[in-house]
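The values are calculated or read from the model by the stated rules, or taken from the named source; none is laboratory data. This structure is a prediction, so every number in the text was calculated from the model and none was measured. Neighbour counts are summed over all protein chains in view; Cβ atoms, including those assigned to glycine, are modelled from backbone coordinates with ideal geometry. Heavy atoms of the whole protein, side chains included, go into the accessibility calculation; ligands, DNA and RNA do not. Shrake-Rupley method; radii C 1.70, N 1.55, O 1.52, S 1.80 Å.
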Amino acid sequence: MLKRRGGAYRGENVFFFVYSNMRFAPVSAQRQSFTVGLVADAPDGPARDGNTKKRMEYWEHSKRLQQGPLVALIVVSDRNARIFLGTIQSKSEDIAQSARSNQDDIMLRVSFFDAEVALMALRREQISRVPGRQFALLVDNNIMFESLRPFLERLQTVE
């Protein structure tokens with residue numbers, strides 16, 4: 001998965017997209033919350049096209065990393081995994097602009113439920129250093145958080 005720089009994965013009854021080599025970008029205060037900037041490897045194919053216009057068009061019209069879905073940032077360090085859930089706050093136009101200057105990377109903004117991620121970003125921690133030993137992935141299954149909210153809230157109240 002790390003060598004392939006992420007990509008689409010299909011399971012028995014599930015489909016999700018993985019973005020690899022996650023790095024922190026600056027934290028920003030938006031909409032009464034903090035958003036964490038994340039830089040990821042752009043997936044193979046049109047998202048990495050050498051032509052800037054084609055690359056930007058891909059992200060502007062893509063159904064990937066749209067604003068609102070629930071995502072998981074998985075940080076693995078010495079075989080210990082930590083998972084942080086959040087929602088994507090970037091618009092497709094924002095991601096397209098980030099792809100303008102670099103065909104290998106994209107940047108997006110995520111609002112995480114756990115403030116620890118914002119603290120990690122403020123400390124500029126390196127979460128992807130040694131492939132296989134310390135790395136971070138972002139998993140997106142394109143499920144809107146608001147559609148899951150009632151179910152998750154109910155789970156919190158069940159004993």
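When only residues in the stretch 49-84 that are open to solvent by less than 70 Å² (accessible area, probe 1.4 Å) and of a type in the set (D, E, K, R) count, which is modelled with the highest pLDDT?
Arg55
Listed here are the residues, each with its yes/no results for (1) of a type in the set (Val, Ile, Thr); (2) in a loop (DSSP other than H, G, I, E, B); (3) under 13 Å from the mean Cα position of the chain (by Cα).
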| residue | (1), (2), (3) |
| --- | --- |
| Asn102 | no, yes, no |
| Arg109 | no, no, yes |
| Ala118 | no, no, no |
| Phe135 | no, no, no |
| Leu138 | no, no, yes |
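Is at least one residue of the stretch 39-46 surrounded by 15 or more Cβ atoms within 10 Å (Cβ to Cβ) and in a loop (DSSP other than H, G, I, E, B)?
Yes: the stretch 39-46 contains one or more residues that are surrounded by 15 or more Cβ atoms within 10 Å (Cβ to Cβ) and in a loop (DSSP other than H, G, I, E, B).
If I filter the stretch 61-80 for residues that are part of a strand (DSSP E or B) and free of Cβ contacts under 8 Å to residues at least 40 places away in the same chain, do I get at least one hit? So that I can check it myself, show each step before the final result.
Step one: filter the stretch 61-80 for residues part of a strand (DSSP E or B), giving 69-77, 80.
Adding the requirement that they be free of Cβ contacts under 8 Å to residues at least 40 places away in the same chain leaves 80.
The answer is yes; a qualifying residue exists.
For the stretch 120-133, give me each residue that is part of a loop (DSSP other than H, G, I, E, B) and either surrounded by 16 or more Cβ atoms within 10 Å (Cβ to Cβ) or in contact (Cβ under 8 Å) with a residue 60 or more places away in the chain (or both). Can you show your working first?
Within the stretch 120-133, the first condition is being part of a loop (DSSP other than H, G, I, E, B), and the residues that meet it are 123-129, 131-133.
Once the filter is applied, which keeps residues that are part of a loop (DSSP other than H, G, I, E, B) and either surrounded by 16 or more Cβ atoms within 10 Å (Cβ to Cβ) or in contact (Cβ under 8 Å) with a residue 60 or more places away in the chain (or both), the stretch 120-133 yields Arg124, Glu125, Gln126, Ile127, Ser128, Pro131, Gly132.
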